[in-house]
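Below is one structure, written out as structure tokens, with a few remarks after it.
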Amino acid sequence: MVSDRLLLRQQSLGGLLLLALLLLGTGLGLRDPWPADEPRFALAALQMVQSDQWLFPMRGGELYADKPPLFMWAIALGYQLTGSLRIAFLLPSLCAALLILALVWDLGRRLWSRETGFSAGLLLLFTLQFTLQAKTAQIDLFATAFVMLALYGLLRFLLCGDGWRWYWLGWFAAGLGVISKGIGVLALLVLLPALLTHWQAARASRGRAWLAALAGPPAMAAAMALWLAPMLLAVSQSGDPQLLAYRDEILLRQTVTRYFDAWHHLKPFWYYLTEVIPLFWLPLSLLLPWLIPEWVKALRSRDRRFILLLGYLLLVLLIFSFSAGKRGVYLTPATPALALLAAPLIGRVLQRRWPGRLLLGLGMLLGLVGMGGALALRLSERLLARLDGEGEALWLPLLLFGLLALLLTLCLRRAPLTAVCAVLGAGWLIYSGWICVQLNTLRTPAAIMAEAAARLPPQGELLVTGFKEQQLLFARSPLRHYGYRLGSEEQGRAAAAWVAGAPMRRVLGPSDIMSLCFESAQMTRLGHRHRTDWWLADAAALKVSCRGLPITLEPYRYRPVL
């Protein structure tokens, strides 16, 4: 009879990483970057390699000031090593995931036991938010790797007595986290509960110890200076207004202003508690009613391990909850601490009746959802229409997943944790090796860009309005585009003025922009992508109201290296 005890007695870091490599590495190289964020980072990395300009990320011909370049450097390095953007754009997330799992395993081993370290890594690997981020090219998991490295160093110092070098490593890694996305400082939150657990030791410290402690912020500043120093020097020497605007945008608006006066993703204070944690921390979120009382007992017994980890987790949750701008992905740095807090208690919790029932219920629910979704896609024409053609590619893998989930749950009903891990693992493998391959053509504008290039006259010029970074990745000839933040009406009128400036010019754009200045009957529909139709037009299709407009805005140029 299969039992969860077999799974919870495992100790091997190699086994954990091999399982992670199978689960997270499947699908690598089988799909292109998908919206919204992946094409943006992949394009910036590609342009770094092609232009040999590494300090300032570019989006086409436009400076990209939303994020520091460290993540894009990692993609560019992967591209140089592999020669394949399909592989390179997902490599940083995969490597970050493996590093985080190794750090969690080692921290669990040092603080509790090798079995606990393995359990912590396993629980993290199958936490929905962690796995999802490991299989996408967003910055958050990459930045979380530096947050976890910083947390690892600080906890080695605070709980294992391993010396000041680990304390300094924690601060240095936090600095790397800052120049990856700005969230590196999250790891330093663990120092706040450390004031409670280590107050007496701090009071008894002598001058040399205080000097060593004060060396932490300079270590963090040194890491940040690896990018900030050359960037600021280049900006000051150039005197370029665009570079000055880039500096102010990334250092102020994208950090301080984004947190204190967010302008998008506005959510209520309780958003994470009601809409993120219940779903994206599955399956561990199902066990919180039993884990929380155990954590309270550990706090009452003054267990330093739980005080520091739980304090860090709660502070991360509070920090992000206080900002009006919220996204579920922001809580990714909290997931390693969640796994470490749950791992030493998971065996005790699973001895109770209801935790196992809930885990089995999750497995059954996933199976029923898979089968129900497959049947709905086969029977509902309305649903197929809403999915923009993706339904035809989804129904068969969904059906297979549903059947596998029900079968695994029934066969492993005596081992609920093993069952739900098997179900989730099967789901991720089907998604990565089958669904992504099926959807890739539908998620890229390759056909539209190829058709636009074929319809362009010799020596012709193409302008893309409402452009998506994906279109630039699939461009087969030089093109022009407007700034990412330029409004639709401004783009429509600017495109009308531009296309009338020479006879061989063409404009490609989405319905909402093209309809402003071009007659629908005289445009050519090239396809449906990014939830809209894309149209190609020349000056003959201009509406009377948009003829004779002066050119007031010069579009950016982008030349792909084929």
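Taking the criterion of being crowded, with 21+ Cβ neighbours inside 10 Å and in a loop (DSSP other than H, G, I, E, B), would at least one residue in the stretch 3-17 satisfy it?
No: zero hits.
I'd like the residue in the stretch 417-472 that is of a type in the set (Gly, Ala, Ser) and over 19 Å from residue 528 (Cβ atoms) and, out of all such residues, is modelled with the lowest pLDDT.
460
How many of the residues in the stretch 305-325 are under 18 Å from residue 140 (Cβ atoms) and at pLDDT below 85?
Adding up the residues that qualify gives 2.
State whether one or more residues within the stretch 116-129 are under 30 Å from residue 252 (Cα atoms), within 25 Å of the chain's Cα centre (by Cα) and of a type outside the set (Ser, Thr, Tyr).
yes
Do you know which residues across the stretch 510-526 are in contact (Cβ under 8 Å) with a residue 60 or more places away in the chain and surrounded by fewer than 16 Cβ atoms within 10 Å (Cβ to Cβ)?
Within the stretch 510-526, just 524 meets the criteria.
Quick one: what pairs do we get from the stretch 48-66, first residue farther than 16 Å from residue 241 by Cα, second modelled with pLDDT under 90 and polar (S, T, N, Q), C-beta under 9 Å, 6+ apart or different chains?
66/254
Which condition number in (1) within 23 Å of the chain's Cα centre (by Cα); (2) surrounded by 24 or more Cβ atoms within 10 Å (Cβ to Cβ); (3) more than 30 Å from residue 218 (Cβ to Cβ) is the one that residue 108 fails?
That leaves (1) as the condition not met.
Suppose we filter the stretch 43-82 for residues that are more than 27 Å from residue 174 (Cβ to Cβ), out of contact with any strand residue (DSSP E or B) (no Cβ under 8 Å at 6 or more places or on another chain) and not acidic (Asp, Glu); how many remain?
Result for the stretch 43-82: 10.
Kindly establish whether residue 480 is in contact with a Phe, Trp or Tyr (Cβ under 9 Å, 6 or more places away or on another chain), more than 30 Å from residue 400 (Cβ to Cβ) and free of Cβ contacts under 8 Å to residues at least 24 places away in the same chain.
no
Look through 189, 214, 195 and report the one residue that is on the phi < 0 side of the Ramachandran plot, in contact (Cβ under 8 Å) with a residue 12 or more places away in the chain and under 35 Å from the mean Cα position of the chain (by Cα).
Only one candidate passes the filter, namely 189.
I need the helices (runs of 4 or more DSSP H) fully contained in the stretch 310-406, keeping only those with at least 3 residues that are within 21 Å of the chain's Cα centre (by Cα).
Where helices (runs of 4 or more DSSP H) fall fully within the stretch 310-406 and carry at least 3 residues being within 21 Å of the chain's Cα centre (by Cα), they are 335-342.
The values are calculated or read from the model by the stated rules, or taken from the named source; none is laboratory data. Note that the structure is a prediction, hence the values are computed from the model and not measured. Because the Cβ atoms are built from the backbone with ideal geometry, glycine has one as well, and the counts that use them run over all protein chains shown.
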